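Just below is one structure, and these are the notes that go with it.
The values are calculated or read from the model by the stated rules, or taken from the named source; none is laboratory data. The model shown is predicted, which means the values in this text are computed figures rather than measured ones. All Cβ positions, glycine included, derive from the backbone under ideal geometry; neighbour counts span all protein chains shown.
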Amino acid sequence: MTSNFLGLDGFRFGWVSAWIDDRGDHGFDYSPGLTRLLAMPHTRAMIDMPIGLKSSGYRACDLRARELVGPAVFLGARRDLWTFPDMATANRHYWAHEGEGRGISAQLWNIRDKLREVDDAMTPTRQATIGEAHPELIFWNLAGQVRLAKKTSAQGLEQRISLLEQRGFTRLPKWLKLRHGTGIARDDLIDACACAVAARDSRQRVGGKEFDPRGLRMEINY
């Protein structure tokens, strides 16, 4: 029986998934919602989105990941984030309750609905096969634990595509041309592939000792 490994990342209109099996076959798909993509048979899946949310404060796994790869790791994903009417209100609340500077970034605010969608889908039981990953941590590890050039640079793009091709995603350059008109950004597709590689190969993680109020383990696989 073939084992299938799935990587998922959010994009403007929904979610993009990349998959690779143990024979090296690979493909990508996208959907407005997470449910259909997670229903694809898989041995293990990795998703670029926080799993396990604290009521307040920063997750230890995010702080550690940020030490390794820098500000690409967002801080401050909290369970009540999606209940605020706007970002300014959320930040006033966090500053008042947790201290000045403990707010959230616009990037984190913009993914609050996807954060909630993942939270709604996850259970401690599902976490046995669906884990959280971070593409920049994955690339850092694949490159021999060194930081790559910025992903927005030509060199950074080339480095990331090359690392993924070496690990079986040989069709990725072609896919990057096929994605036009879908709303999937170049980075989204690349990051989904990185998550699929982690789903297949990852044996390392940061965090893993904290649990959220729902019993979800807070860790980032790479």
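Consider only pairs whose beta carbons are under 7 Å apart and that are at least six residues apart or on different chains; among these, list those whose first residue lies in the range 59-70 and is buried (at least 21 other Cβ atoms within 10 Å of the Cβ) and whose second residue is small (Gly, Ala, Ser).
Arg59/Ala77; Arg59/Gly207; Cys61/Gly207
Within the range 4-35, how many residues turn out to be closer than 16 Å to Phe169 by Cα and either aliphatic (A, V, I, L, M) or not in a strand (DSSP E or B) (or both)?
9
Identify all residues within the range 1-36 that are among the aliphatic types (A, V, I, L, M), over 17 Å from Gly183 (Cα atoms) and modelled with pLDDT of 95 or more; write none if there are none.
Of everything in the range 1-36, those that are among the aliphatic types (A, V, I, L, M), over 17 Å from Gly183 (Cα atoms) and modelled with pLDDT of 95 or more turn out to be Leu6, Ile20.
Go through the range 138-196 and give me each residue that's closer than 23 Å to Glu67 by Cα, charged (D, E, K, R) and without any contact (Cβ under 8 Å) to a residue 24 or more places away in the chain.
Passing the criteria: only Lys150.
In the range 85-124, how many are within 23 Å of the chain's Cα centre (by Cα), without any contact (Cβ under 8 Å) to a residue 12 or more places away in the chain and farther than 21 Å from Glu219 by Cα?
The total comes to 1.
Among the numbered criteria (1) in contact with a helix residue (DSSP H, G or I) (Cβ under 8 Å, 6 or more places away or on another chain); (2) exposed (fewer than 15 other Cβ atoms within 10 Å of the Cβ); (3) under 26 Å from Arg78 (Cβ atoms), which single criterion is violated by Pro173?
(3)
Report whether or not Asp191 is part of a helix (DSSP H, G or I) and either farther than 17 Å from Pro50 by Cα or hydrophobic (A, V, I, L, M, F, W, C) (or both).
The answer is no for Asp191.
Is it the case that some residue within the range 140-147 is touching a Leu at 6+ places or on another chain (Cβ under 6 Å) and of a type outside the set (A, V, I, L, M, F, W, C)?
no
Of everything in the range 161-188 that's in a helix (DSSP H, G or I) and modelled with pLDDT under 95, which residue is farthest from Ala143 (Cα to Cα)?
Top of the filtered list is Leu178.
From Arg205, Arg217, Arg186, Arg200, which residue is closer than 16 Å to Ala18 by Cα and crowded, with 18+ Cβ neighbours inside 10 Å?
Arg200
In the range 61-78, which residue that is out of contact with any strand residue (DSSP E or B) (no Cβ under 7 Å at 6 or more places or on another chain) and of a type in the set (D, E, K, R) is nearest to Arg214 (Cα to Cα)?
Top of the filtered list is Asp62.
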